[in-house]
Each structure stands twice: as C-alpha cells, then as structure tokens.
Amino acid sequence: MKSGITIGAGAGFVGGLAAALALSILGIKGHEGQMTHAIVLVSPTIGSGSFLVGALIQVAVTTVLGALFGVLDEAAGFGRESVAFWATFYAIVWWIVGWFAVMPRPLRFAPWEAVQDPALFQLAFAGLLACLGFGAALAGGFTMFGRSEASRRAARMRAGRVAPSNGALSAGRR
C-alpha cells in the first residue's frame, strides 16, 4: 500500500513536468514586442534567468505541493470518486497564492492590473494553464494509485474507528 505522500510526490513531479512543458511552450509578448517563454519568468525567484533553472524550480515546487496534497488526501480521506475535483481546486488555489507570492512587488497586491495589461494577462493565463496541468496530473495519480472510498471505509472499520452497526437501534428491532 502506497502512502499519500509518495503518490502525491510522484504525481506532483509529473505535474511539474507538465507545467514546465506548458510554460516553455507558451510565449508572452512584452510591451516592446519582444517574445519570451513563460518558464523563464519563474527563474528570477532565485536570481537566475535560465530556461533550465525555471523548469527545475517548477518541478521541485510542484513535487513538494504534490506531497502536501498527499498529506491532505490522507487527512481528509478523499476517495477516487472525488479526488479529481479536489486536485483541480487545490491547483487553482495554488495559482491564486502563487500570484501573490511570485509576482513583482508592484503587481503582487494588484491582480486587477492583469486585466488591463495584455502581457500580464498572458502571464496569468499561462500560469493558470500550468496549474491546471499540475492539477490534472495530481488527479490522475490519485485516481490511478489512490485508495477508493470503500477500501478507506474497510480500513477504518478494521482500525476500530467506526464501529459496525449490529442493528440494535434499528426501527425493526424496537
């Protein structure tokens, strides 16, 4: 039986590759007409401007975020039936949090500026696509390798957390 952290880290790694691929394909047109790949805009977070450094940062961060989703999955007990929704929601939440954490200081607390500036709108859209790719990889990993709700219920019953009903209080026995 694999743990949620292991599944999450693996799915996060694959999601990071998907996000890095999406950000490396998408180009953003600057104010002066220059084109740049969105993945290059990730690397200044550690003081670099490299394409490869941006991809490595993306994969490392999403691996950690995937492992955190695994912890959340174990704690909340998401089943295979609902994990796709929760993984997508989790990815969108990190897209919003990422805007406030990664954007330059003047834009960090002014996300409405992205609506007015085409370059920022392209950057926000590229980030959304990357996060949705990450969420899809998380959903796929937990759907394929995660436990179903029935197996979680059986495990809880074996552990004694949920006592099976003996029918003593049912309406038919009164």
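What follows draws every value from the coordinates through simple rules; no lab data is involved. Treat the numbers as computed from the prediction; the structure is a model and nothing was measured. Note that we place each Cβ from the backbone using ideal geometry, even for glycine, and neighbour counts take in every protein chain shown.
One table, with the values for the structure above:
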{"quantity": "Contour minus Cα-Cα distance for GLN116 and LEU21 (0.36 nm per residue)", "calculated": "31.5 nm"}
{"quantity": "Förster-model FRET efficiency, 22 Å R0, THR143 and ALA101, C-beta, rounded to 0.05", "calculated": "0.20"}
{"quantity": "Distance in nm between pseudo-label sites at ILE46 and LYS29 (7 Å out along the Cβ direction from Cα)", "calculated": "3.3"}
{"quantity": "Extension gain from THR36 to PHE85, taking 0.36 nm per residue of separation minus the Cα-Cα distance", "calculated": "14.4 nm"}
{"quantity": "Packing-based ranking, highest mean first, of 26-37, 90-101, 131-142 given that Cβ atoms within 10 Å are counted", "calculated": "131-142, 90-101, 26-37"}
{"quantity": "Sorted by Cβ neighbour density within 10 Å, fewest at the top, the residues ARG80, ARG147", "calculated": "ARG80, ARG147"}
